[in-house]
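In what follows, a structure is listed as structure tokens, so that the remarks can point back to it.
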Amino acid sequence: MLRLTSALLATAVLAGCAARGPAGLDLDTSVTAVSQASRVRSIVLHYTSVDDARSMQLLSKGKVSAHYLVTDSGRTYRLVDESRAAWHAGASSWYGNIAMNSTSIGVEVVNPGWTEGPDGKPMWHPYNDRQLRALTILLRDIAQRHGIAPENVVGHSDIAPQRKVDPGPLFPWKALAAAGIGRWYDEAGAAQHLARLQSQGVPDVVWFQEQLQRLGYACPQDGVLDKATINALAAFQMHYRPALHDGQPDAETAAIMLAML
């Protein structure tokens with residue numbers, strides 16, 4: 001009887017491998033091709049600009065969504081399965097890829113973003129330690145499972161600099177990079193480049209445009225310091241030099257760019 005039961009179980013397992021699919025289709029899934037990779041190429045970080053309850057409502061019932069929501073307490077929700085596209089990126093581009101919704105994982109973090117300060121200037125709100133602990137665990141897992149390159153862990157402002165500023169200048173890109181998540185620059189190399197540039201002068205606008213494009217940003221290539229170029233440069237600065245992100249070409253920004261492979 002034991003041998004018979006084992007044989008029946010083995011037959012059932014083999015049948016399951018050989019006959020999955022729509023009714024009437026003999027679909028065999030017992031062979032898996034070696035030449036394949038994940039469809040996911042990037043992780044895009046956002047802030048919600050509203051509180052936990054409103055964030056959940058908007059992202060689960062509204063016309064936008066994200067794969068994950070990290071709440072104020074650090075509790076993390078998966079709202080869209082990773083095998084499906086979430087509607088989080090909008091019109092965007094990264095290294096020329098404009099299909100960001102289809103090729104990325106969207107992660108929203110509950111944060112007010114900015115409010116107007118007493119002086120009329122934006123006052124940015126920090127992320128808390130509970131959120132950052134949860135986010136570090138989540139991002140490391142996603143990046144490892146999908147083989148995501150460091151330069152493809154980005155902010156909404158990086159992929160849509162003409163429309164978006166999230167996750168803002170207080171997002172801890174440097175700390176995440178130190179934890180093995182995302183891209184950062186060689187700070188010692190940047191210091192050397194800065195010393196040279198301070199004596200030689202700042203490169204021209206077309207040089208900055210070329211560097212932005214090299215580093216993934218959609219940017220005009222016409223040598224004109226127009227609004228689109230300023231916005232792209234400000235997005236880069238917000239990510240790598242958040243203390244000053246005015247979108248103006250300067251020696252420190254150029255030094256950081258030169259220190260990035």
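Here are the numbers for this structure:
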quantity	calculated
Residue list for segment 28-43, restricted to those being among the hydrophobic types (A, V, I, L, M, F, W, C), modelled with pLDDT under 95 and surrounded by 11 or more Cβ atoms within 10 Å (Cβ to Cβ)	none
Residue in segment 44-55 that is open to solvent by less than 60 Å² (accessible area, probe 1.4 Å), touching a helix residue (DSSP H, G or I) at 6+ places or on another chain (Cβ under 9 Å), acidic (Asp, Glu) and touching a residue at least 12 places away in the same chain (Cβ under 8 Å) present	no
Residue list for segment 118-130, filter: basic (Lys, Arg) and in a loop (DSSP other than H, G, I, E, B)	LYS121
Of all residues making up segment 104-144, the number that are polar (S, T, N, Q) and open to solvent by 20 Å² or more (accessible area, probe 1.4 Å)	4
Candidate set from segment 1-27 (those that are open to solvent by 90 Å² or more (accessible area, probe 1.4 Å) and modelled with pLDDT under 50); member that is farthest from ALA86 (Cα to Cα)	MET1
Counted residues, segment 184-204 - those being within 20 Å of HIS239 (Cα to Cα), open to solvent by 30 Å² or more (accessible area, probe 1.4 Å) and out of contact with any Phe, Trp or Tyr (no Cβ under 8 Å at 6 or more places or on another chain)	6
Failed item in (1) farther than 19 Å from MET238 by Cβ; (2) open to solvent by less than 70 Å² (accessible area, probe 1.4 Å), with ILE159 passing the rest	(1)
Test: residue in segment 201-213 that is free of Cβ contacts under 8 Å to residues at least 12 places away in the same chain and within 25 Å of LEU45 (Cα to Cα)	yes
Some residue of segment 57-65 being open to solvent by 70 Å² or more (accessible area, probe 1.4 Å), of a type outside the set (Asp, Glu), under 22 Å from MET238 (Cβ atoms) and without any contact (Cβ under 8 Å) to a residue 24 or more places away in the chain	no
Given (1) modelled with pLDDT under 95; (2) open to solvent by less than 50 Å² (accessible area, probe 1.4 Å); (3) at positive phi, index of the condition GLY74 fails	(1)
Hits in segment 79-94 - residues which are under 30 Å from PRO126 (Cβ atoms) and not acidic (Asp, Glu)	LEU79, VAL80, ALA86, TRP87, HIS88, ALA89, GLY90, ALA91, SER92, SER93, TRP94
Residues of segment 77-103 satisfying the condition of being surrounded by fewer than 13 Cβ atoms within 10 Å (Cβ to Cβ) and charged (D, E, K, R)	ARG78, ASP81, ARG84
Subset of segment 208-249 that is polar (S, T, N, Q) and within 22 Å of the chain's Cα centre (by Cα) - its residue that is surrounded by the fewest Cβ atoms within 10 Å (Cβ to Cβ)	GLN213
Any pair with Cβ under 9 angstrom, 6 or more apart, that starts in segment 236-251 at a residue that is of a type in the set (Asp, Glu) and ends at one that is open to solvent by 30 Å² or more (accessible area, probe 1.4 Å)	ASP246/ILE230; ASP250/VAL202; ASP250/LEU244
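Results for (1) out of contact with any strand residue (DSSP E or B) (no Cβ under 6 Å at 6 or more places or on another chain); (2) modelled with pLDDT of 95 or more; (3) on the phi > 0 side of the Ramachandran plot, shown as yes or no for each residue.
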{"residue": "ARG163", "(1), (2), (3)": "yes, yes, no"}
{"residue": "LEU170", "(1), (2), (3)": "no, yes, no"}
{"residue": "GLY180", "(1), (2), (3)": "yes, yes, yes"}
{"residue": "TYR217", "(1), (2), (3)": "yes, yes, no"}
{"residue": "ALA255", "(1), (2), (3)": "yes, yes, no"}
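The values are calculated or read from the model by the stated rules, or taken from the named source; none is laboratory data. All values derive from a computational prediction rather than experimental measurement. A quick note on method: Cβ atoms are made from the backbone with ideal geometry, for glycine too, and the neighbour counts reach across all protein chains shown. Note: areas computed on protein heavy atoms with side chains; ligands, DNA, RNA excluded. Shrake-Rupley method; radii C 1.70, N 1.55, O 1.52, S 1.80 Å.
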